[in-house]
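The values are calculated or read from the model by the stated rules, or taken from the named source; none is laboratory data. The model shown is predicted, which means the values in this text are computed figures rather than measured ones. Cβ: placed from backbone, ideal geometry, glycine included. Neighbour counts: every protein chain shown. Ligands, DNA and RNA are excluded from the accessible area calculation, which covers all protein heavy atoms including side chains. Shrake-Rupley method; radii C 1.70, N 1.55, O 1.52, S 1.80 Å.
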Amino acid sequence: AAAAAARRAPQKKKKRRGAKAPPATAGPGWFDMPRSAVSAEDRRALELRGVADPKRHYKRHDAPSEFAQLGTVVAGRFDGAAATLRRKERKTGLMGELVADGAGRAYAKRKFSALQDRARGPNQSTLKAKRKALNARKRRG
């Protein structure tokens, strides 16, 4: 009887009618921290935070937990007026702040153009180089 039971094919698992809903809190070990209302765009920005800043290095690109909380930096009493963001400088989310950052945008543009140059290959010239050569020919002749 034991040999017959060992040869029997495994039974298919039955699907449950109602799938379990994800937990609303992180549990008592995390002081019942609620699930955050972070947008998918901001979650992606947090996931790729190692790419945004060339001076900071993280071990890996890992997605934050569903319970990760985002906060707002509030200037203290003694920080002065320079620490407080003006209304024009405030953005709606983390992704908006990253896009508005001039230094971050310049770094991303520089890295992207370097990747494009590498992908283009050594023998294919850019449009700028073609225009420069054309203008030089026009001046000569």
Original post:
Take the residues of region 83-102 that are part of a helix (DSSP H, G or I) and in contact (Cβ under 8 Å) with a residue 12 or more places away in the chain: which is most open to solvent (accessible area, probe 1.4 Å)?
Top reply: L98
Subject >> Search result, residues across region 36-57 that are surrounded by 10 or more Cβ atoms within 10 Å (Cβ to Cβ) and either touching a strand residue (DSSP E or B) at 6+ places or on another chain (Cβ under 7 Å) or among the aliphatic types (A, V, I, L, M) (or both) >> reply: V38, A45, L46, L48, V51, A52
**OP:** Within region 103-122, count every residue that is open to solvent by 90 Å² or more (accessible area, probe 1.4 Å) and not aliphatic (A, V, I, L, M).
**Re:** 7
